[in-house]
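Chemist: Here it is, the structure, as structure tokens.
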Amino acid sequence: ADLGLTIQGKTRQAVAMTEEISRMERQLKEAVSLLGLHEEYITRRKYSSIPTESRTVTIHDLLSIARCIEACCVAHKWVDTRPNSEGAVEIIRDPEALNLYHLVYNVVAPVSAPLGHEVVDPSLEPGSDGQVPGGVAICDDDKGTRRFRYLRGAPPAPTPGTPDQFLRTFSGSLAEMLSEAANAQEWFVSHWWGEPVLAFVRCLEAHKRDFQPAEGSRYWICAYANNQSRIADELGDQGPLSSPFFKALELAVGAVLVVDADSIVTTRMWCGFENVVIAQKQKRFAMATARGKTGHVLALDPLPIDFAKDPERPAEMQAERQGKFPAQRLLQFLETKLQDAEASCQSDKIMIENVVEQDLGGFDAANSSLRVIAATNLFALGQVGAESAAVLNEAKQPFRLLGSAVTLQDGWSKHGLQLGMCSSVSLQSDDKLDDATLEAIGQSLSTSRDLSSLSLDCDRANVTDAGAQAIGEGLGHCLGLTSLSLIFLLTKVGDIGVQAVCRGFQKCVNLETILLDFAGTTISNVAAEDIGVAIANCTHLTSIRLDLLHTKILEPGLRAVVGSFEHCSKLTSLKLLLSETQVGDSGAKALGASLKSCIHLCSVFVALEGTGVGVQGKVDLGGSLQSCRNLTHLELILDDGHIQASSVDEVAQALSQLVEPLPMFEDDPEFAGNSTLDPAPDTVAHPQTEILPAPPTDSLPAPKTESLPTPPVESIANPPADASPNKQEIEQPNTAGHHAAADELRGGEPSGSHLRAEVGGSAPKKCCSLM
């Protein structure tokens, strides 16, 4: 009787085992379908033809993995890889909790090995026949662990000479089942396997969203690139510098560090090795994390998404976007010590430590890099403390500071923050910005050694000449500046403050771009003359933007300003807002004369509403514009008239003809009977021309005189899109903010008319409109 019960028990156990194996086979087949895998890619060849470092996946692939997790994790009763405290295997009941260890154990390893995969699972006990649910137990006495081979059914015997003859011997990686060709990988992903996979996918979704690649980015992810059945073979025995990790990093354009909720990634030795290589190779670098169901990305510089949102203020867009990155995770990075990281295998830890110290220059550069990224982004969040200030003071590589001016004041005054290795400072205004803030910033500038870019926005702040003087003194120490932007819009800064600023930046003889905004201030000719002298001293300038809207500068001062442009022989872009100032005809003539000297000038924007520019000024300016043969973008804002033409030459010619009767010329026979110059009182001539694309400027024919039908007014204000599929518009300056400020300063009066020019099509084409 006892023997019979024993036999029945074994029979039931065998039946249960068979049912379990069958269930696992069905579930794995479903996973293969959901993941879009091609088993034939790895079953019809004996050895892989794709180097491990070239096995990549796309965002589409990662989203398929996410969908598989959401559909199968609970339904298929995927299990944790490690038993709980009571020694029992736990079923994963929340897809959001499933990490890469779980995914590899339950899906990646089994599906990428047609004959199964050996996994370590000490929680399962084999039956008397040596079987466990889904596999056969194999004892490994050397490591003191029990491994189990999970079988995906018994494949048919291979037929020699057929594609599946290697079915019993070959296994591959998940990436090889997604693509049978080697792919150039763009981004290496460094991460901790304990990060939930769904959060991981959201991180890389955010990375693709913010970097906006022209084509789908490809990512190298170790779990999907390595053959999980033959990890030892993949890694080799020649050390980390011969591993797929190192080779993939060498090939990558950049690297993404996926930061888990507890920043454990910095405590794992293999991740530490990867970050050392990233720092040494100076790879483009980004950090990504997920909070809730949204991913966030940090980078050192503005990303394509920032330029797409506002081409003129990408740094501000970057600060706004990166402000959503969880600050607590950054705080943990301030204490990064990669040399203290751990590895699952102690021998790996020792091996990596030796390689990093002997061959890669140690951990210091990588530690500093991660700490600096954390400190600079905490600065952008308005958080600067003693620890982050110390990180920046000890930085071993250049860094950028982007944030509130008051944050820099706090860092300098309270925590001794210095700008020794800072290459770029971009500071925004807030309600607390005052002269004391500018005094602290001016003092901090004296500590800079490598500062090349400074942007300070004091828009409507409570600052006076005292604050501007402090900035001017600080600028005198920044001799390496190549880019300067100072905005004092609607502040109390006057001539004395502007003179101090000019004395400071005229020492920065390497300046290439400059933006000075003194709109709505009380500055006069005294300051204007100093602006002109300072600009004339910066002979390397390629881009100038001056906003002197609604100031007290008169014609002599403006002539001094615009006269300085003739010293800037490398100038390619000019934006000049002079509305509501006394430019007059002499000022317009001086501007035109200066532009003639700028032979490389490509883009011009000038606002001349309410400036007293009359007929002669327009004629002179128009004549000068005809000498600017390289212009590809032109925009003028005037009080009257609109012209639509196809070349800068024709716009300039039409502008020179935009004249009204002049009493001084009434008796001159040269002007007698000229209908263009003598229109009826209520019908002032506004030439409107639409010309075919112009030929290259070095072979321009004489301007055409015939006019095509005038387009309706609404088509001028909102011109239709060019039907040409090759149309490319020259990026127009974003003047919305300045136009709004101008309207405010004028008491709400509408802006004047515009002259615009753009290039498009395959042939040189310049389409302009004066409105």
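Chemist: Taking the residues in segment 379-390 that are more than 12 Å from G420 (Cα to Cα) and buried (at least 20 other Cβ atoms within 10 Å of the Cβ) as candidates, determine which candidate is modelled with the lowest pLDDT.
Modeler: Result: A380.
Chemist: Same structure, new question: Does any residue of segment 529-540 turn out to be surrounded by fewer than 18 Cβ atoms within 10 Å (Cβ to Cβ), hydroxyl-bearing (S, T, Y) and at pLDDT 90 or above?
Modeler: yes
Chemist: Quick one: count up the residues across segment 395-419 that are in contact with a helix residue (DSSP H, G or I) (Cβ under 7 Å, 6 or more places away or on another chain) and not in a helix (DSSP H, G or I).
Modeler: We begin by selecting, within segment 395-419, every residue in contact with a helix residue (DSSP H, G or I) (Cβ under 7 Å, 6 or more places away or on another chain); these are 395-397, 399-403, 405-409, 411-413, 415-419.
After this cut, where a residue has to be not in a helix (DSSP H, G or I) as well, the list is 395-397, 399-403, 416-419.
Final tally of qualifying residues: 12.
Chemist: Taking the condition within 46 Å of the chain's Cα centre (by Cα), surrounded by 14 or more Cβ atoms within 10 Å (Cβ to Cβ), modelled with pLDDT under 50 and outside any helix (DSSP H, G or I), does R168 pass?
Modeler: It is false that R168 is within 46 Å of the chain's Cα centre (by Cα), surrounded by 14 or more Cβ atoms within 10 Å (Cβ to Cβ), modelled with pLDDT under 50 and outside any helix (DSSP H, G or I).
Chemist: Return a yes/no flag: does segment 409-419 have any residue that is open to solvent by less than 20 Å² (accessible area, probe 1.4 Å), in contact (Cβ under 8 Å) with a residue 24 or more places away in the chain and under 23 Å from the mean Cα position of the chain (by Cα).
Modeler: No: segment 409-419 contains no residue that is open to solvent by less than 20 Å² (accessible area, probe 1.4 Å), in contact (Cβ under 8 Å) with a residue 24 or more places away in the chain and under 23 Å from the mean Cα position of the chain (by Cα).
Chemist: Take the conditions touching a residue at least 40 places away in the same chain (Cβ under 8 Å) and within 24 Å of V258 (Cβ to Cβ) and apply them to F363. Does it pass?
Modeler: Answer is yes for this residue.
Chemist: Looking at segment 332-378, which of its residues are open to solvent by less than 50 Å² (accessible area, probe 1.4 Å), hydrophobic (A, V, I, L, M, F, W, C) and in a helix (DSSP H, G or I)?
Modeler: Hits for segment 332-378 are F333, L338, I352, V355, V356, A366, L370, V372, I373, A374, A375, L378.
Let's see how each residue does on (1) at pLDDT 85 or above; (2) closer than 20 Å to R545 by Cβ; (3) surrounded by fewer than 20 Cβ atoms within 10 Å (Cβ to Cβ):
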residue: E580; (1), (2), (3): yes, yes, no
residue: E609; (1), (2), (3): yes, yes, no
residue: K618; (1), (2), (3): no, no, no
residue: L631; (1), (2), (3): no, yes, no
residue: L636; (1), (2), (3): no, yes, no
residue: D639; (1), (2), (3): no, no, yes
residue: V651; (1), (2), (3): no, no, no
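Chemist: Another question, if that's okay. Within segment 433-482, work out how many residues are crowded, with 18+ Cβ neighbours inside 10 Å and in a strand (DSSP E or B).
Modeler: Here the count works out to 6.
Chemist: Would you kindly identify the helices (runs of 4 or more DSSP H) lying entirely within segment 218-258 that contain at least 2 residues that are open to solvent by less than 30 Å² (accessible area, probe 1.4 Å)? Let's see the steps before the verdict.
Modeler: Numbers: elements: 222-225, 231-235, 244-251.
By residue number, 222-225, 244-251.
Chemist: For a quick check of your reading of the model, give me the residue pairs whose first member lies in segment 296-309 and is within 20 Å of R202 (Cβ to Cβ), whose second is among the polar types (S, T, N, Q) and assigned to a loop (DSSP other than H, G, I, E, B), with beta-carbon atoms closer than 6 Å and at least 6 apart or on different chains.
Modeler: P304/Q212; I305/Q212
Chemist: Still on this structure, please answer the following. Within segment 284-298, count every residue that is open to solvent by 30 Å² or more (accessible area, probe 1.4 Å) and either at pLDDT 95 or above or farther than 21 Å from A315 by Cα (or both).
Modeler: Qualifying residue count for the region: 4.
Chemist: Name the residues in segment 487-514 that are surrounded by 18 or more Cβ atoms within 10 Å (Cβ to Cβ), closer than 24 Å to S448 by Cα and of a type in the set (A, V, I, L, M), would you?
Modeler: Residues satisfying the conditions are I487, V498, A500, V501, L511, I514.
Chemist: Same structure again: Report yes if A206 is part of a helix (DSSP H, G or I), open to solvent by less than 20 Å² (accessible area, probe 1.4 Å) and modelled with pLDDT of 95 or more, otherwise no.
Modeler: yes
Chemist: Scan (1) part of a helix (DSSP H, G or I); (2) open to solvent by 20 Å² or more (accessible area, probe 1.4 Å) for the single condition N275 breaks and write down its number.
Modeler: Unmet for N275, out of (1) part of a helix (DSSP H, G or I); (2) open to solvent by 20 Å² or more (accessible area, probe 1.4 Å): (2).
Chemist: Quick check on segment 259-272: of everything there that is of a type outside the set (S, T, N, Q) and touching a strand residue (DSSP E or B) at 6+ places or on another chain (Cβ under 9 Å), which residue is surrounded by the fewest Cβ atoms within 10 Å (Cβ to Cβ)?
Modeler: My answer is A261.
Chemist: Out of all the residues in segment 38-49, is one or more within 36 Å of the chain's Cα centre (by Cα), within 30 Å of F245 (Cβ to Cβ), modelled with pLDDT of 80 or more and not in a strand (DSSP E or B)?
Modeler: Yes, segment 38-49 has at least one match.
Chemist: For segment 310-331, what are the residues that are open to solvent by 20 Å² or more (accessible area, probe 1.4 Å) and either under 24 Å from V201 (Cβ atoms) or not in a helix (DSSP H, G or I) (or both)?
Modeler: Those that are open to solvent by 20 Å² or more (accessible area, probe 1.4 Å) and either under 24 Å from V201 (Cβ atoms) or not in a helix (DSSP H, G or I) (or both): P311, E312, R313, R321, G323, K324, A327, Q328, R329.
The values are calculated or read from the model by the stated rules, or taken from the named source; none is laboratory data. Just so you know, these numbers come straight off a predicted model, no measurement behind them. We place every Cβ from the backbone using ideal geometry, glycine too, and count neighbours over all the protein chains shown. Note: areas computed on protein heavy atoms with side chains; ligands, DNA, RNA excluded. Shrake-Rupley method; radii C 1.70, N 1.55, O 1.52, S 1.80 Å.
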